[in-house]
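Student: The structure that follows is given in the form of structure tokens.
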Amino acid sequence: MELILTSFGLSHLHPTPQDYYPKDDYIQRGMSLFFGMPPISMSATNQQFMPEYPVLLLCERLILDAESFERLLKGKHHERYGNFAEVMKALFDEGFVRVEDFRAIIDQNKELLNRMLERDLKRLDDWIRPLKESTQTWEHFAESIRGFFGGKLSDGLQEKSLNIESPQDEAKLRIFVTHDHYMPHSLHSIRNTAINRLQMLREALESSTKRRRSEYKEVLRETLTGYLAYVNANLVLSRTLEVGFHDWYDFEPFYREKFLTIGQEGRPEEKRIQKVKQLFEISFPEFAPLDTKSVLKVVKDNRISDLRSLVDKAAKEEIQFDKEFANRVLREVLGIEQRVGRLRNIVSYATLPIGFIPLAGTPMQKAVEETVDRIAESKIRRQYRWFYLISELGNKERDQLNHNTSPGEIDSA
């Protein structure tokens, strides 16, 4: 399947970065480090922002925005997107990434998007729960990455120093990570008004009494305008390109609310995305390729089709990815390996007479053993080719990591 990777903040209301700061000056002028960027894994708190690898492996091709891809291609991104950019470039070179002009599609649908937004904003109360869930998810993510920046938070390629000696300054740093996400169309620096309005937003989400007051309703409406314009833009992109999409995880509550109004629990592709994440969480919880070559090797391996077929079955509720599934697969794989071990012994014994043939005996024996061994193993292991594909990568990653780690480093760990 093909899947759009969304471009954060892009909507018919949001100008381009170039409109803010011509000639690419926006890179040095405090633009949000997430603006115009594809979604990253919000559960992996690595020093580098990472793609959602399970989602990536699910897709035969990804679709990226032209502006976003150009920023990744030319290094016009925050340094923590370095690995992400490298993976996307490599996938593009191998034909696994397609580039589309999201901005052009959005501009062509401005009238429709205006009507959609106007309709959404007539029912503010319906969006309280999605907005509350969304902001909580984002705050949790922001807290998880805050430590990587120390006393600085880079919000473009420019680093802005903050004094974090007091609890108040600590709170400001936390807000700085989050506030441009809450109101991406209006807030781009730390200001007292921004902090006050963010506090008003939190109070409005918690208190129905305050939501009835005009000043709180204004903040709520302003915030939802940015969120819903972005959500609607992705829905229109998906319809126009006739493929599903993968967005930042904190926006899922909005999509669930959108699809509930037409009698669906969520986006059709979201079920497959959820299932592949479940599979990796229970069977390969620490899966994270160390380099781009490893990613390419997996997506080009024929066994990837087995993984996708397995996820399709789970999406149809034919199987369940739970602890029982993980334990059963592991038991059966261990049993298979025992059978393969016994088979190797039998093949070795059966080909022993060949070894007595003068000169050619030993090489011939070796060749026969390897041929029989390979054919037998492929048949025995066929049912779990998907498991061996990911496991083999994991083993190689661990070997590489151990090889690059000195004994002293291991002892100190």
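The values are calculated or read from the model by the stated rules, or taken from the named source; none is laboratory data. Because the structure is a prediction, the values reported are computed rather than measured. FYI the Cβ positions are ideal-geometry reconstructions off the backbone, even for glycines, and counts take in every protein chain you see.
Student: Out of the residues in segment 193-217 that are small (Gly, Ala, Ser) and modelled with pLDDT of 90 or more, state the one that is surrounded by the most Cβ atoms within 10 Å (Cβ to Cβ).
Tutor: The first filter runs over segment 193-217 and keeps only residues small (Gly, Ala, Ser), leaving 194, 204, 207-208, 214.
Those still in the list that are modelled with pLDDT of 90 or more too: 204, 207-208, 214.
Numbers: 204: 26, 207: 12, 208: 10, 214: 6.
Residue satisfying both the conditions and the ranking: 204.
Student: Now for a separate question. Tell me, yes or no, whether segment 238-261 has at least one residue that is buried (at least 20 other Cβ atoms within 10 Å of the Cβ) and of a type in the set (Val, Ile, Thr).
Tutor: no
Student: On to the next question. Is there a residue being more than 23 Å from residue 239 (Cβ to Cβ) and over 18 Å from the mean Cα position of the chain (by Cα) anywhere in segment 98-112?
Tutor: Of all residues in segment 98-112, those more than 23 Å from residue 239 (Cβ to Cβ) come to none.
Among the residues of segment 98-112, not one is more than 23 Å from residue 239 (Cβ to Cβ) and over 18 Å from the mean Cα position of the chain (by Cα), which makes the answer no.
Student: Something else now. If we scan segment 218-229, do we find a residue that is among the β-branched types (Val, Ile, Thr) and modelled with pLDDT under 85?
Tutor: Taking segment 218-229 as the starting set, the residues that turn out to be among the β-branched types (Val, Ile, Thr) are 219, 223, 225.
With modelled with pLDDT under 85 added as a condition, the list becomes none.
Looking through segment 218-229, none of the residues is among the β-branched types (Val, Ile, Thr) and modelled with pLDDT under 85.
Student: Just to be sure I understand, how many residues within segment 40-62 are surrounded by 20 or more Cβ atoms within 10 Å (Cβ to Cβ) and touching a strand residue (DSSP E or B) at 6+ places or on another chain (Cβ under 6 Å)?
Tutor: Qualifying residue count for the region: 3.
Student: Also, I was wondering about something else. Contact list please: Cβ distance under 9 Å, first residue in segment 246-263 and on the phi > 0 side of the Ramachandran plot, second residue part of a helix (DSSP H, G or I) and of a type outside the set (Val, Ile, Thr), pairs at least six apart or on different chains.
Tutor: The qualifying pairs do not exist here.
Student: I need a count of the residues in segment 241-266 that are hydrophobic (A, V, I, L, M, F, W, C) and part of a helix (DSSP H, G or I). Reasoning before the result, please.
Tutor: From segment 241-266, those hydrophobic (A, V, I, L, M, F, W, C) are 241, 243, 245, 248, 251, 254, 259-260, 262; that's our starting set.
Keeping just the survivors that are part of a helix (DSSP H, G or I) gives 241, 251, 254, 259-260.
Summing the residues that are hydrophobic (A, V, I, L, M, F, W, C) and part of a helix (DSSP H, G or I) in segment 241-266 gives 5.
Student: Let me ask something else. Note down all Cβ pairs under 8 Å where the first residue falls in segment 115-133 and is within 12 Å of residue 227 (Cα to Cα), the second is surrounded by fewer than 18 Cβ atoms within 10 Å (Cβ to Cβ) and not charged (D, E, K, R), and they're at least six residues apart or on different chains.
Tutor: That search, which allows pairs on different chains as well, returns nothing.
Student: If you go through segment 13-32 one residue at a time, do you hit one that is at negative phi and at pLDDT 80 or above? Before you say what the answer is, go through the steps one by one.
Tutor: The first filter runs over segment 13-32 and keeps only residues at negative phi, leaving 13-22, 25-29, 31-32.
Now drop any that are not at pLDDT 80 or above, which leaves 13.
Yes, the conditions are met somewhere in segment 13-32.
Student: Let me ask something else. Tell me, which residue of segment 299-328 that is out of contact with any helix residue (DSSP H, G or I) (no Cβ under 6 Å at 6 or more places or on another chain) and among the hydrophobic types (A, V, I, L, M, F, W, C) is farthest from residue 1 (Cα to Cα)?
Tutor: Once the filter is applied, the top-ranked residue is 325.
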